[in-house]
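The values are calculated or read from the model by the stated rules, or taken from the named source; none is laboratory data. None of the values given here were measured: they were computed from a predicted structure. Methodologically, a virtual Cβ is constructed for each residue, glycine included, from the backbone with ideal geometry; neighbour enumeration extends over all protein chains shown.
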Amino acid sequence: MNLVFLGPPGVGKGTQAATVAKELGLLHLATGDLLRGAIRAGTRTGLEAKGYMDAGRLVPDDVVNRLVRERLEQGDAARGVLFDGYPRTTPQAESLDATLKGMGRRIDGAYDLQAPDAVLVDRISGRRTCGKCQAAYHVKFAPSSRGEECGKCGGALVQRSDDKPETVKARLEVYRKETAGVGEHYRKSGTYALIDANRPIDAITADVLGRARRLQ
Ligand code: AP5
């Protein structure tokens, strides 16, 4: 099974994807995480992506599509994939369809997580990420059991560089202009479902898991 999580910055895609992928035995493939990994590793792709990400803009389609294709060639992708934050443009959706088709696979469910802008800003401003293992927390809604340290590995919790208010505003504008229309691609293929993400974390997980399990 292959699933896609769509939705604006901060809506909770990564939070849900981590749990849902684990429950369903899927590979969690988040393009934001792949790009941040490339930046940390100092690769050419990372250097190219950094300027776009710091400005809250989308990294060019060809760069992201290549990263995804390369990741899908690794063995652990064969069990099925949950795509988080990808595709973000119609050309990315078309590239993903073509890549999966070449592997005899397809997207089975596309879940579009949505919440009001005020909720997104609240979630992003309180987000803290572990600098070591990248686990995500929220100072109010999902605090670490170890305060300012990661509850999983003890690493220091930091705020993501693109979570500054001015960059968040740019990311929301880019989402509306370039990504919001991607849902239409999946409506046409009959795989689309709108998910109310303005609910507690567990309620959203149960909703998405229920829908995904009915596809199995
Ligand atoms: P990316 O890393 O994908 O960021 P994003 O899509 O902007 O999404 P976020 O990670 O900000 O939020 P999320 O929805 O995962 O929410 P989370 O679960 O963390 O992309 C970053 C950048 O990389 C992009 O701007 C772009 O430059 C580039 N990029 C990435 N993919 C690309 C692509 N395909 N093409 C081109 N460029 C690309 O939750 C947020 C907070 O809320 C957390 O603190 C969490 O604890 C809390 N929370 C979550 N759910 C709830 C809830 N139900 N109730 C209360 N709190 C909650």
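Comparison of Thr43, Thr31, Thr19, Thr89 shows that the only residue that is of a type in the set (S, T, N, Q) and within 16 Å of Tyr186 (Cβ to Cβ) is Thr89. The set of residues in the stretch 86-98 being crowded, with 20+ Cβ neighbours inside 10 Å and within 8 Å of the ligand (Cβ to nearest atom) consists of Tyr86, Pro87, Arg88, Gln92.
Would you mind finding the one in Leu120, Leu67 that is in contact with a helix residue (DSSP H, G or I) (Cβ under 8 Å, 6 or more places away or on another chain), within 30 Å of Gly154 (Cα to Cα), without any contact (Cβ under 8 Å) to a residue 40 or more places away in the chain and part of a helix (DSSP H, G or I)? Before the answer, list the steps.
Values: Leu120 fails: without any contact (Cβ under 8 Å) to a residue 40 or more places away in the chain.
Answer to the selection: Leu67.
Residues in the stretch 170-193 that are of a type in the set (Lys, Arg), surrounded by fewer than 14 Cβ atoms within 10 Å (Cβ to Cβ) and within 14 Å of the ligand (Cβ to nearest atom): Arg176, Lys177. Among the residues of the stretch 136-179, those identified as touching a residue at least 24 places away in the same chain (Cβ under 8 Å) and among the small types (Gly, Ala, Ser) are Ala136, Ala142, Gly155, Ala156, Ser161, Ala170. Answer with yes or no whether Thr167 is assigned to a helix (DSSP H, G or I), surrounded by 13 or more Cβ atoms within 10 Å (Cβ to Cβ) and among the hydroxyl-bearing types (Ser, Thr, Tyr). For Thr167, the condition - assigned to a helix (DSSP H, G or I), surrounded by 13 or more Cβ atoms within 10 Å (Cβ to Cβ) and among the hydroxyl-bearing types (Ser, Thr, Tyr) - is met.
Matching residues to (1) closer than 23 Å to Val20 by Cα; (2) more than 12 Å from the ligand (Cβ to nearest atom):
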{"position": "Ala118", "(1), (2)": "no, yes"}
{"position": "Val121", "(1), (2)": "no, no"}
{"position": "Ser125", "(1), (2)": "no, no"}
{"position": "Thr129", "(1), (2)": "yes, no"}
{"position": "Ala142", "(1), (2)": "yes, no"}
{"position": "Glu149", "(1), (2)": "no, yes"}
{"position": "Leu157", "(1), (2)": "no, no"}
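Conditions: (1) in a loop (DSSP other than H, G, I, E, B); (2) without any contact (Cβ under 8 Å) to a residue 60 or more places away in the chain; (3) not aromatic (Phe, Trp, Tyr). Leu58 meets all but one. Number of the miss? Answer for Leu58: the failing condition is (2).
Would you check which residues across the stretch 104-117 are under 26 Å from Leu72 (Cα atoms) and in contact (Cβ under 8 Å) with a residue 40 or more places away in the chain and list them? Spell out the reasoning first.
Keep residues of the stretch 104-117 that are under 26 Å from Leu72 (Cα atoms), which gives 104-113.
Hits for the stretch 104-117 are Arg105, Arg106, Ile107, Asp108, Gly109, Ala110, Tyr111, Asp112, Leu113.
Pairs are defined by a Cβ separation below 9 Å, a sequence spacing of at least 6 or placement on different chains, a first member in the stretch 85-103 that is acidic (Asp, Glu), and a second member that is more than 10 Å from the ligand (Cβ to nearest atom) and in a helix (DSSP H, G or I); the pairs so defined are Glu94/His185; Asp97/His185. Taking first residues from the stretch 15-44 that are more than 12 Å from Phe5 (Cβ to Cβ) and partners that are within 11 Å of the ligand (Cβ to nearest atom) and among the charged types (D, E, K, R), the Cβ contacts under 9 Å between residues at least 6 apart in sequence or on separate chains come to Asp33/Asp84; Leu35/Lys50; Arg36/Arg160; Ala38/Lys50; Ile39/Lys50. Mind listing just one residue for me: the one in the stretch 104-117 that is out of contact with any strand residue (DSSP E or B) (no Cβ under 7 Å at 6 or more places or on another chain) and part of a loop (DSSP other than H, G, I, E, B) and, of those, nearest to Leu3 (Cα to Cα)? Taking the candidates together, the pick is Arg106.
For the stretch 120-142, indicate whether the set of residues that are within 22 Å of Ser189 (Cα to Cα) and out of contact with any Pro (no Cβ under 6 Å at 6 or more places or on another chain) is non-empty.
Of all residues in the stretch 120-142, those within 22 Å of Ser189 (Cα to Cα) come to none.
There is no residue in the stretch 120-142 that is within 22 Å of Ser189 (Cα to Cα) and out of contact with any Pro (no Cβ under 6 Å at 6 or more places or on another chain).
Within the set Lys22, Lys101, the sole residue that is more than 9 Å from the ligand (Cβ to nearest atom), part of a helix (DSSP H, G or I), at pLDDT 95 or above and closer than 25 Å to Arg127 by Cα turns out to be Lys22.
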